Amino acid sequence: MKHTFLDFVKLQLFEKLPPVVKTNLKGKTVVVTGANVGIGFEAAKHFARMDPEKLIIACRSKQKGEQALNEIRRETGCETAELRIVDLASFASVKSFVKTFEDNNDRLDILVENAAIVPGKQPEFTQDGWETTAQTNNLSTSLLALLLLPRMIDTAKKYNTTPRLVVVASSVHYWTQFDESLVNSPNFFRSFAHKDVFSGSLGERYLDTKLLNVFFARALNDRLKRSPIIVDSVCPGYCYSSLRKDFSGLQAWIDRLMEICLARTTEQGSRQLVWAAVGGTGNEDELRGAFIASTEVTEPSDFVISEKGQHAQDKIWDDLIVELTKVDPEVQNIVQKYLA
């Protein structure tokens, strides 16, 4: 499928968004990352109104997280909402979050991986040695999903339910693809984002990370065929967002003009996340590995569904597991035990 800039403008201007889908989350545990602001915050509020047994908002900043938690409780009356700290720019923080979660929760029904950043003008690298956008949007997002996967599978078996893992991607993935030389390099992620190798431009970095989100959801789903878990990726649309708060100069002016003309509210964008997490009742199998936009399953980019795209998806998955196993050997154990 192709998605031109004109298609994007038409959707933003003329698409009528349905109201947020609702369900009863009684007895269930929900985790939303990046839930202190924007669409993650609004999605958390929607979940809070559905009577969850536990709603965990996972945020990088304790101060901002506490403010968000208080606001969620005040607006929704949900007393089962909790704050947990996780910084996706740190593998140690991700592992610490997972350990704390497993020590205090016997089930995980919905995981919405919403936290993401856009790159600055110059590359920045984390203490782990990775370009910050790639570690936050991809490596740590994938690590968190894989380390929590056993708890989700156990939840499915123990409670006879179908957990969902939602990866927040974007329709900007239609506007990029990876060169064969990068895909076929000895290790994709090393070439793509490690400080010892990286020498590329950040011009399409955000688009590339969203393509990797789509690939991850599809690749994980392909290897979960015997599991009741649903994995999908979702586009919230172009919304007012603090993601772009560091834009400056001409870039900031262009973005501001686009917001005035085209942007959805963060609440409208959050409806897409909620639909991916609880919607599609009666057609759940169609959601497996799907890319969701406009509250429906949508064909991803031509590159994604092409033979080259499938090769890239599988090669990138293999390289991802190699790198994440270095971070935590448990990743390889999970792959061997739970994934085909």
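Tabulated results
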| quantity | calculated |
| --- | --- |
| Filter result (aromatic (Phe, Trp, Tyr), more than 17 Å from GLY129 (Cβ to Cβ) and buried (at least 20 other Cβ atoms within 10 Å of the Cβ)) within segment 161-205 | TYR174, PHE178 |
| Condition broken by SER233, with the remaining ones in (1) modelled with pLDDT under 95; (2) outside any helix (DSSP H, G or I); (3) among the polar types (S, T, N, Q) satisfied | (1) |
| Any hit, segment 110-128, residues being touching a Pro at 6+ places or on another chain (Cβ under 6 Å), in contact (Cβ under 8 Å) with a residue 40 or more places away in the chain and buried (at least 18 other Cβ atoms within 10 Å of the Cβ) | no |
| Qualifying residue in segment 117-127 (condition: among the hydrophobic types (A, V, I, L, M, F, W, C) and at pLDDT below 95) | yes |
| Every pair of residues 6+ apart whose Cβ atoms lie under 8 Å, when the first sits in segment 316-338 and is under 13 Å from SER142 (Cβ atoms) and touching a residue at least 40 places away in the same chain (Cβ under 8 Å) while the second is assigned to a helix (DSSP H, G or I) and of a type in the set (Ser, Thr, Tyr) | LEU320/SER142; LEU324/SER142; VAL331/THR325 |
| Residue pairs meeting the criteria (Cβ under 6 Å; at least 6 apart or on separate chains; first of a type in the set (Asp, Glu), in segment 260-289; second surrounded by fewer than 19 Cβ atoms within 10 Å (Cβ to Cβ)) | GLU286/VAL297 |
| Residue match in segment 66-77 (condition: touching a residue at least 40 places away in the same chain (Cβ under 8 Å) and basic (Lys, Arg)) | no |
| Which listed residue is buried (at least 17 other Cβ atoms within 10 Å of the Cβ), at pLDDT 95 or above and among the charged types (D, E, K, R), from ASP319, ASP302 | ASP319 |
| All positions within segment 43-92 that are of a type in the set (Gly, Ala, Ser) and either touching a Phe, Trp or Tyr at 6+ places or on another chain (Cβ under 6 Å) or surrounded by 15 or more Cβ atoms within 10 Å (Cβ to Cβ) (or both) | ALA43, ALA44, ALA48, ALA58, GLY65, ALA68, ALA81, ALA89, SER90 |
| Among the candidates ILE39, ILE56, ILE85, residue that is over 16 Å from the mean Cα position of the chain (by Cα), on the phi < 0 side of the Ramachandran plot and touching a residue at least 24 places away in the same chain (Cβ under 8 Å) | ILE85 |
| Selection status of LEU17, in contact (Cβ under 8 Å) with a residue 60 or more places away in the chain and under 30 Å from LEU262 (Cα atoms) | yes |
| Tabulated pairs, segment 144-164, first more than 24 Å from LEU88 (Cβ to Cβ), second in a helix (DSSP H, G or I) and of a type in the set (S, T, N, Q), C-beta under 9 angstrom, 6+ apart or interchain | THR161/THR155 |
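The values are calculated or read from the model by the stated rules, or taken from the named source; none is laboratory data. Only a predicted model underlies this, so the values are computations on that prediction, with no experimental measurement involved. Counting neighbours? That spans all protein chains shown, and the Cβs are built from the backbone with ideal geometry, glycine included.
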